[in-house]
Amino acid sequence: METCDPLQIKVKDSPPRPRINISNPGDLKEAESVTVTCSAPAPCPHSPPKLTWTLQQDPPNTMEENPDRTFTTKIQKTLNLTDQHDGFTITCSASYPVNEGKDVKTAEETKTLHVSYAPKDVTVVVSPADPVSVGSVVNLTCSCRGIRAADGFAWLMMMSDGRLHTMEDNTQLYAFEVTNSDRGRSYFCGCSNVLGLQLSKGRALIFEGDHETVDGHLILKMLGIIMLVSTLVIFECWFRSRCSSKPEKVSTRRGKDAAEADYVNRVVELQTS
């Protein structure tokens, strides 16, 4: 009497989850181009799953035969990465027809992008908030947005006559006691990491009793376009040569005489044409 080997059949009620792959699996950086692919097995080539995702509407589905003679359905899109892609979550759905196409079962996969980028939105934050008074202590904080911690910070001060002073290196917080000499001065900060640097707009202090607000835009308008361009060029050259990775520290300045003594050896004069 002949016997047959037992045959075991396993039936799964849930469809297989799709897979999301990125062409560059390492660290993602802004300005890079990557290809994102979502794929799902197609056990029934005549009734393949339909893939959709959050990267685009109605993406074209393609089906490929694998070396083992199974089939895979996939969708694909190329991304030119920017800082806006950082934290973006890709969701891919695979919808399988079941019960002779009468019903659909769906499986999902998600992946979140982590993109490194150069500092953005660099601003000088004043605390306590304006208006300030002579003799009070003011804290200037260099605020910037970026996935990586800044490798370096730097501070510049532009006098009312257009002279530019380089101040503290590699400190995010700059604190000093306000004097009458601070009227008309504008403060700039620079934020840098391995991917680039950015300079803030000028920030002038508003004193108690002042009726007119002096801000960076007004000062730059008075100095003119030539002085602005020259300032940026000189700052970038100086900043690239001096910035390095150091822990955050707090700098203080007490009195006009001490400040001028600190600055005198690092003065850069800009002349308007």
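Looking at segment 205-219, is at least one residue at pLDDT 90 or above, assigned to a strand (DSSP E or B), closer than 20 Å to Ala154 by Cα and touching a strand residue (DSSP E or B) at 6+ places or on another chain (Cβ under 6 Å)? No: segment 205-219 contains no residue that is at pLDDT 90 or above, assigned to a strand (DSSP E or B), closer than 20 Å to Ala154 by Cα and touching a strand residue (DSSP E or B) at 6+ places or on another chain (Cβ under 6 Å).
Within segment 167-193, can you find the residues that are at pLDDT 90 or above, within 30 Å of Ala31 (Cβ to Cβ) and not in a strand (DSSP E or B)? Passing the criteria: only Gln172. Pairs meeting the criteria (first residue in segment 122-139 and touching a residue at least 24 places away in the same chain (Cβ under 8 Å) and within 19 Å of Asp210 (Cα to Cα), second residue of a type in the set (Asp, Glu) and not in a loop (DSSP other than H, G, I, E, B), beta carbons under 6 Å, at least 6 apart or on different chains) are Val137/Glu177. If you scan segment 131-150, which residues turn out to be closer than 24 Å to Leu195 by Cβ and either touching a Lys or Arg at 6+ places or on another chain (Cβ under 7 Å) or crowded, with 18+ Cβ neighbours inside 10 Å (or both)? Those that are closer than 24 Å to Leu195 by Cβ and either touching a Lys or Arg at 6+ places or on another chain (Cβ under 7 Å) or crowded, with 18+ Cβ neighbours inside 10 Å (or both): Cys142, Cys144, Arg145, Gly146, Ile147, Ala150. The criterion of at least 3 residues that are more than 29 Å from Phe188 (Cβ to Cβ) is met by the following strands (runs of 3 or more DSSP E) wholly inside segment 52-161: 62-65, 71-80, 89-98, 103-112.
When we screen Lys50, Lys102, Lys29, Lys10 for residues that are basic (Lys, Arg), within 30 Å of Val194 (Cα to Cα) and outside the structural domain of Leu195 (by TED's automatic domain parsing), the only hit is Lys29. If I filter segment 46-56 for residues that are under 27 Å from Val98 (Cβ atoms) and among the charged types (D, E, K, R), do I get at least one hit? Yes, because at least one residue in segment 46-56 is under 27 Å from Val98 (Cβ atoms) and among the charged types (D, E, K, R). Of everything in segment 175-197, what is buried (at least 20 other Cβ atoms within 10 Å of the Cβ) and either closer than 30 Å to Val115 by Cβ or within 19 Å of the chain's Cα centre (by Cα) (or both)? Give them in sequence order. If the condition is that a residue be buried (at least 20 other Cβ atoms within 10 Å of the Cβ) and either closer than 30 Å to Val115 by Cβ or within 19 Å of the chain's Cα centre (by Cα) (or both), then Phe188, Cys189, Gly190, Cys191, Ser192, Asn193, Leu197 are the ones that fit. For segment 16-31, residues that are farther than 12 Å from Val115 by Cα, without any contact (Cβ under 8 Å) to a residue 24 or more places away in the chain and assigned to a loop (DSSP other than H, G, I, E, B) total 1.
Rundown of residues vs (1) aliphatic (A, V, I, L, M); (2) at pLDDT below 95, yes/no style:
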| residue | (1), (2) |
| --- | --- |
| Tyr96 | no, no |
| Thr110 | no, no |
| Pro119 | no, yes |
| Val125 | yes, no |
| Ala129 | yes, yes |
| Arg145 | no, yes |
| Phe153 | no, yes |
| Leu156 | yes, yes |
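The values are calculated or read from the model by the stated rules, or taken from the named source; none is laboratory data. Quick caveat, the model's predicted, so the values are computed rather than measured. No Cβ is skipped: glycine too gets one built from the backbone with ideal geometry, and neighbour counts run over all protein chains shown.
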